[in-house]
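What follows is calculated from the coordinates using simple rules that are stated; it is not laboratory data. None of the values given here were measured: they were computed from a predicted structure. Cβ atoms come from the backbone with ideal geometry, glycine included; neighbour counts cover every protein chain shown.
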Amino acid sequence: MIARQAADECLQLDEIQGNVVRAYGRFSFPCARYFFLNIRNVAQGRAFIEAIRTEVTTAQRWTAAGAPGLDKPLVTLNIGFTFRGLLRLGLPTRTLQNMPEEYIDGMRKRAHILGDSDSALLDKDQDHVQHWDRLWRESHQDDDAFDSEDDVHIWISMNAQVKEAGSHEPHPALEDKTKYLKQLCAASAGGVAILAKNGPAGDEEYQSATAIFKPGPEGKLWPSPTEHFGFADGIGDPVFKGQYRAKDEAEAVIGRGKWMDAKQGWQPLATGEFILGYPDESQELPPTAAPANFMNNGTFMVYRKLHENVETFEAVIAEEAAAYAQVMQVDLAEAKVTLKAKMVGRWPDGVPLSKVPDYPAWRQFRQAKGFDQLGEIDPARATPEQLKALAQAAQNYKTYFKSNEIKDFRYGDDLKGYKCPVGSHLRRTNTRDYMDPLNTKDGQNATATTQLNKRRRILRRGLPYGPAVAGQPMTDQTEQGVIFMAICTSLFRQFEFVQQQWIQYGLDFNAGNNTCPVLGNHAHHQRYTINADPASGKPPYIMSKLKTFVETRGGDYFFIPSMTALRMIGMGIVDPT
């Protein structure tokens, strides 16, 4: 066991679920369905787990098409359990009572500390999650009832490839897998039921999610990396030891691992930050409940449905941009896109402000990279020459988006936030070297490292939900947003810390109680300061009309077991002694 847990040892990929190691993502598996199940009979529930275990996608490497080995599937399937799900399946008390407190509580009980609800409602008769979807409002309502038929016990995800290149339709194999799941539930004779309560009306069988497809060369649709506010997303996902083959790790880790120093450069994070049973960044094994082989190679996952108020976002930007344009003496179009970039920390195409800090430089950068064709040519009306230019622009952007250039930056040379505001979404969610203890707010620190940031990283998973094709009208009432899933070994130290301390407060960024300008709850704090370099001759700008742009519609905490643990659950042989 000790030898296997050495930090430089290969992972047991056939034991780990595939969604832990891979972001199925927008390009490979851009279509997804998330199912939520309730266990109503213990024996049938275990039989269900034992049956579906054989369909679970592991982290084993896929081979190139036609090569011997494991083929890339048309549809992936993964599974996780709430604490109540494990309790309902009859796991021993000794195992359950040593699970993390936050996992036992579940997200509903901790919504007020996450900024998902008003904590003042906790002492009143009002439901503090009344704005959540029906599925999540009715799940885990009663702290004393552990056999409710409304509780979410199991999460099952299916990610699918597209039907054919240039289409946004999922491969028919996704519907086949859905039918298989329904048949498996039917065979349980009521022992396991799909909770058909998804969506705002609470009547959908699953939560669907999809990448946002945009018109490309030859009029075909291609999956983009953007979400419904129009920004490229999911760029800086962390890299940990063993996640990639050795020959690929040195390239993948740049800008996504931990920065050590000029000599060592970027290094992968410790495996134990994301997978149980391996050393973490403290060089210790993350705490687990007995027996060890039940939790080893497993992890925890946060599932959150985040609704985006697109109409409100655009209205606030329009109002603030009018004032910004006047103060900064720029045109309205520049003011709008600049304000958005200053809030997020990146330009809409993903180019970081830390590398390209102002609008003229960004426009010049896009022209040099050949990106401009993407927004200027209508594929349906394009000439052959224009289509050729569009195809080249699409390839240039795809190459750039996957390159290190978009990821390899730090904040040690911008401690005052003149290039990228210190309170921007990007700097809050991944502080990089901004928290180095030797940093001073009035100076630069060329030797700053990410040592105080490496214990707060999370693996980002999930996809947008809502309109699949870009350009469809959206309001605050239409159904759109992001299915946010985060994977880590400590829900409290990693996800909850970032969500509460960095998203909902600004103390670490010298911004008092001002929240994240994009994800923050702005019911009470509506200001956001954009610093300005005095040498520029421009004044700072304070946005003062922020509203809550992103609202949680529900979610919970899940344990993602290893393949061995799934077998133990299915057979009912979890033995803590």
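Here the relative contact order of the chain, from alpha carbon pairs under 8 Å that lie six or more residues apart, stands at 22 percent. With kT/(6 pi eta Rh) evaluated at 37 °C and eta = 0.692 mPa s, and Rh the Kirkwood radius from Cα pairs, the stretch 191-294 diffuses with a coefficient of 181 µm²/s according to Stokes-Einstein. For the peptides 526-537, 266-277, residues were scored by their other Cβ atoms within 10 Å and the scores averaged per peptide; the highest-first order is 266-277, 526-537. Pairwise Cα distances in the stretch 50-120 exceed 18 Å for 62 percent of all pairs. Shown here: the stretch 287-361, whose C-alpha atoms stretch 65, 30, 18 Å along the first, second and third principal axes, sorted largest to smallest.
With +1 assigned to the C-beta of every Lys and Arg and -1 to the C-beta of every Asp and Glu, and no other charges, what is the dipole magnitude of the stretch 407-511 about the Cα centre in debye, to the nearest 20?
Values: 15 positive and 10 negative charges, 71 e Å.
Dipole size: approximately 340 debye.
For the chain, complete DSSP H runs whose alpha carbons reach 24 Å or more along their own long axis and whose mean Kyte-Doolittle score is -1.0 or higher are 310-328, 384-401. Model label sites at E164 and N510, defined 7 Å from Cα along the beta-carbon direction, differ in position by 5.8 nm. Modelled spin-label separation between D575 and A64, with each label point placed 7 Å from Cα along the Cα-to-Cβ direction: 4.8 nm. Shape class of the stretch 156-242 from the alpha-carbon gyration tensor: prolate, with a/c at 1.5 or above and a/b greater than b/c. When you work out D = kT/(6 pi eta Rh) for the stretch 333-422 at 10 °C and 1.306 mPa s, using the Kirkwood radius from C-alpha pairs as Rh and the Stokes-Einstein form, the result is 112 µm²/s.
Charges were assigned to the Cβ only: +1 to each Lys and Arg, -1 to each Asp and Glu. The resulting dipole of the chain about its Cα centre is roughly 1180 debye. Computed 3J(HN,Hα) for the stretch 159-169, one whole-Hz value per residue from the Karplus formula 6.51 cos²θ - 1.76 cosθ + 1.60 where θ = phi - 60°, is 10, 10, 6, 7, 4, 7, 4, x, 10, 9, 7, glycine and proline marked x. When peptides 538-546, 335-343 are ranked by their average number of other Cβ atoms within 10 Å per residue, the highest-first order is 335-343, 538-546.
In terms of the mean number of neighbouring beta-carbon atoms within 10 Å, the peptides 203-209, 138-144 order highest first as 203-209, 138-144. Roughly speaking, what % of Cα-Cα pairs in the stretch 371-428 are separated by over 19 Å, rounded to a whole number? So the pairs more than 19 Å apart make up 52 percent of the total in the stretch 371-428.
With no solvent and one equal point scatterer placed on each C-alpha of the stretch 417-543, evaluate the Debye formula and give log10 I(q)/I(0) for q = 0.14, 0.18, 0.19 Å⁻¹, two decimals. One equal scatterer on each Cα of the stretch 417-543 leads to -0.78, -1.12, -1.18.
In order along the stretch 98-113, phi translates into HN-Hα couplings of 9, 6, x, 4, 5, 5, 4, 4, x, 5, 4, 5, 10, 4, 5, 7 Hz, rounded to whole numbers, per the Karplus curve 6.51 cos²θ - 1.76 cosθ + 1.60 with θ = phi - 60° and x for Gly and Pro.
Considering only F35, A67, I52, the residue lying farthest towards the positive end of the dipole of the stretch 29-76 is F35, judged by Cα position with unit charges set on Cβ. Looking at the stretch 18-89, the pairs of alpha carbons with a distance over 20 Å make up 42% of the total. Taking the stretch 395-509 as the region of interest, the number of lysine pairs whose Cα atoms are within less than 22 Å, with members eight or more places apart or on different chains, is 8.
Among the GluC sites (Glu not before Pro) within the stretch 276-331, those in coil by DSSP and having at most 11 neighbouring Cβ atoms inside 10 Å are E284. Remark: the stretch 44-191 is approximated by an ellipsoid whose semi-axes, taken from the C-alpha gyration tensor as √(5λ), come to 35, 20, 16 Å, largest first. Take every Cα pair under 8 Å whose residues are at least 6 apart in sequence, average their separation, divide by the length of the stretch 125-279, and the relative contact order is 13 percent.
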